[in-house]
Amino acid sequence: MSVASPQSLQPSGVADSAASVGIVLVSHSRALAEAALDLARRLIVSVDVPVELAAGLDDGALGTDPGAVVDAVERLAARCEGVLVLADLGSGIMSAEMALEMLDPAVVERARLSAAPFVEGLLGAYGAAGIGKDLPAVAAEADGA
């Protein structure tokens with residue numbers, strides 16, 4: 001199975017080079033991931049957080065792929081100090097876990113998988129990352145959701 005190429009959903013014109021923490025959304029459904037991100041951006045309008053999606057398959061079918069997660073984490077790790085990964089369901093979590101095992105150890109040190117509920121965790125993490133909190137604090141906000 002091939003997976004839809006995750007893409008950065010950072011609004012154009014927004015500089016994120018100083019971003020402390022970026023977020024990867026792993027979902028079986030690209031539409032679900034996009035809707036969750038849209039909700040976060042509409043509810044928390046005063047901040048912009050770099051977010052990458054690793055969601056859905058190339059043909060529009062439901063599914064996740066560890067390779068897509070690896071690519072998304074690497075893109076964010078190149079420009080953020082930390083990366084928080086949120087997944088929607090059990091096999092999405094398994095894909096994210098496999099991806100973390102595939103990454104360079106230096107990147108893994110700056111990444112964390114959260115067990116937070118997908119939407120609630122995203123809202124907490126998005127707000128915390130948006131005000132410049134570090135990875136442990138962003139993860140704590142997500143996990144406390």
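Let me know the shape class of the stretch 58-145, please: from the alpha-carbon gyration tensor, a ≥ b ≥ c as square roots of the eigenvalues, rounded when a/c is under 1.5, otherwise prolate if a/b is greater than b/c, or oblate. Oblate, because a/c is 1.5 or more while a/b does not exceed b/c.
Rounded, prolate or oblate: which fits the stretch 33-85 when a ≥ b ≥ c are the square roots of the eigenvalues of the alpha-carbon gyration tensor, with rounded for a/c under 1.5 and prolate only if a/b beats b/c? Oblate.
The calculated 222 nm mean residue ellipticity attributable to helices in the chain amounts to -13500 deg cm²/dmol, summing -39500 (n - 2.57) over DSSP H runs of n ≥ 4 and dividing by all residues. The simple spin-label model puts a point 7 Å past each Cα toward its Cβ; for Asp134 and Ala106 those points are separated by 2.0 nm. A Förster radius of 30 Å, combined with the Cβ-Cβ distance separating Ser46 from Asp143, puts the computed FRET efficiency at roughly 0.85. Per residue, the chain exposes 45 Å² of solvent-accessible protein surface, assessed with a 1.4 angstrom probe and all protein chains in place. The charge dipole of the chain, taken about its Cα centre with unit charges on the Cβ atoms of Lys, Arg (+1), Asp and Glu (-1) only, comes to about 340 debye. Solvent-accessible area assigned to carbon and sulfur over the stretch 43-145 amounts to 55 percent, based on a 1.4 Å probe.
The values are calculated or read from the model by the stated rules, or taken from the named source; none is laboratory data. Nothing here was measured: the structure is a model prediction, and the numbers come from that model. No Cβ is skipped: glycine too gets one built from the backbone with ideal geometry, and neighbour counts run over all protein chains shown. To get the accessible areas, we keep the full protein, side chains included, count just its heavy atoms, and leave off ligands, DNA and RNA. Shrake-Rupley method; radii C 1.70, N 1.55, O 1.52, S 1.80 Å.
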